[in-house]
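Below you'll find the structure, written out as structure tokens, and then a few comments.
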Amino acid sequence: MTAPHALELRGLHKSFDRTEILRGVDLQLREGERCALIGPNGAGKSSLFNLISGRYRADAGSVLLHGADITRLPPQGINRLGLARSFQISSLFPRLSAFENVRCAVLGKLGYRYAFWRPIGRLRDAEERAHAVLARVGLAGRGHLPAGALSYADQRALEVAVTIAADASVILLDETTAGMNRAESQAMVALIREVTAGKTLLLVEHDMQVVFDLADRIAVMDNGRVIACDSAANIRANPEVQRLYLNRSGHG
Ligand code: ADP
Ligand code: MG
């Protein structure tokens, strides 16, 4: 028997007010694979993340996480089964410290695993884990600062910390390098590679340098569908993808 995919999307549909945003999305990620999701603005990439992570409810189709059907689960339930995502728009609590932001994310996961009669031990474990995660993203010395006081690049690193805090096996990152200069995005690529080692990664990314540096495979989304998913070389040579990228502006 072959192992189930880490993440499998089957025929996902989603409409808002009779407008079809997702029009039958199929995608399969192998365990440990890094896949970049690219496509023009409005293609449906963030909506797809909302649907996978349980924020949106699919009208049709299914989402399987390590073979288990998570299509109808709420976001917390999906998170506890090992899927975590970052948001395109910052989801940090700006007045809480960087450390507190990470601790919140750790506690959200530990809450399930640990018995309620061990609150002190649970908090201590969460704090140790939060310190370790902050150190992994290079923010060990800045944990006491309010998240909103960090530099832009450090805030994005903190978002990565929050996303990996609960030790998910499948991680979705939405435009983590947006607005970064070349040096910052190179540092972010190294960080993402390091903290997602051995995990399955799906990342929405507009910077093609980042895509080529990080991704094993590239999925191209257009108009609510994944139109191709292949190696970088095959994606470059794909006539449908070429047409899409020649005919439009404002994409990445
Ligand atoms: P991308 O991330 O690829 O740029 P989005 O998923 O953000 O694309 O958006 C795809 C389309 O879905 C857009 O036309 C957007 O306006 C629409 N959309 C996304 N979320 C909603 C919502 N909650 N209500 C109505 N329309 C939405
Ligand atoms: Mg988006």
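Ignoring ligands, DNA and RNA, what percent of the accessible area of segment 83-167 is carbon or sulfur (1.4 Å)?
58
Solvent-accessible area per residue for the chain at a 1.4 Å probe radius, Å²?
48
List the relative contact order of segment 147-227 as a percent without decimals, with contacts defined as Cα pairs under 8 Å and 6+ residues apart.
RCO, segment 147-227: 29 percent.
GNM on the chain, C-alpha springs below 10 Å: top fluctuator among Pro239, Pro74, Pro40?
Highest fluctuation among the options: Pro239.
Does anyone have the angle between helix 98-113 and the longest principal axis of the chain? Alpha-carbon axes, 0 to 90°, nearest 10?
Rounded to the nearest ten degrees, it is 90.
Quick one: compute the contact order of the chain, relative version, from alpha carbon pairs under 8 angstrom and 6+ residues apart, as a percent.
Rounded, it is 27 percent for the chain.
In nm², what is the average projected area of the convex hull enclosing the Cα atoms of the chain?
Result: 14.9 nm².
What are the lysines whose alpha-carbon lies under 19 Å from the alpha-carbon of Lys109, with same-chain residues fewer than 8 places away excluded?
Result set, ordered by chain and number: Lys199.
Springs between alpha-carbon atoms under 10 Å, Gaussian network over the chain: tell me which of Met221, Met188, Met208 tops the mean-square fluctuations.
Judging by the Gaussian network model, the answer is Met208.
Can you tally the net charge around His66? Count Lys and Arg as +1, Asp and Glu as -1, for every other residue whose Cβ sits under 14 Å from the Cβ of His66.
Surrounding charge for His66 is -1.
Using helices alone, what [θ] at 222 nm do you get for the chain, with -39,500 (n - 2.57) per DSSP H run of 4 or more residues, divided over all residues and rounded to the nearest 500?
Computed ellipticity for the chain at 222 nm equals -11500 deg cm²/dmol.
Based on the Cβ-Cβ distance of Leu96 and Ala190, what FRET efficiency does E = 1/(1 + (r/R0)^6) give at R0 = 25 Å, to the nearest 0.05?
0.40
Can you return the lysines within cross-link range of Lys14? Criterion is Cα-Cα under 26 Å, with same-chain partners fewer than 8 residues away left out.
Straight-distance partners of Lys14: Lys45.
For segment 179-222, give the percent of accessible area contributed by carbon and sulfur heavy atoms, probe 1.4 Å, rounded to a whole number.
Its accessible area is 48 percent carbon and sulfur atoms.
Compute the relative contact order of segment 83-167 as a whole-number percentage, counting only Cα pairs closer than 8 Å that sit 6 or more residues apart in sequence.
Across segment 83-167, relative contact order equals 48 percent.
Express as a percent, rounded to the nearest 5, the fraction of DSSP beta bridges in the chain (both residues included) that run antiparallel.
Approximately 55 percent, going by the DSSP bridge assignments.
The values are calculated or read from the model by the stated rules, or taken from the named source; none is laboratory data. Predicted, not measured: the structure shown is a model, and the values here were computed from it. As a convention, Cβ positions derive from the backbone with ideal geometry for all residues, glycine included, and neighbour counts pool all protein chains shown. These accessible areas exclude ligands, DNA and RNA; they are computed on the full protein's heavy atoms, side chains included. Shrake-Rupley method; radii C 1.70, N 1.55, O 1.52, S 1.80 Å.
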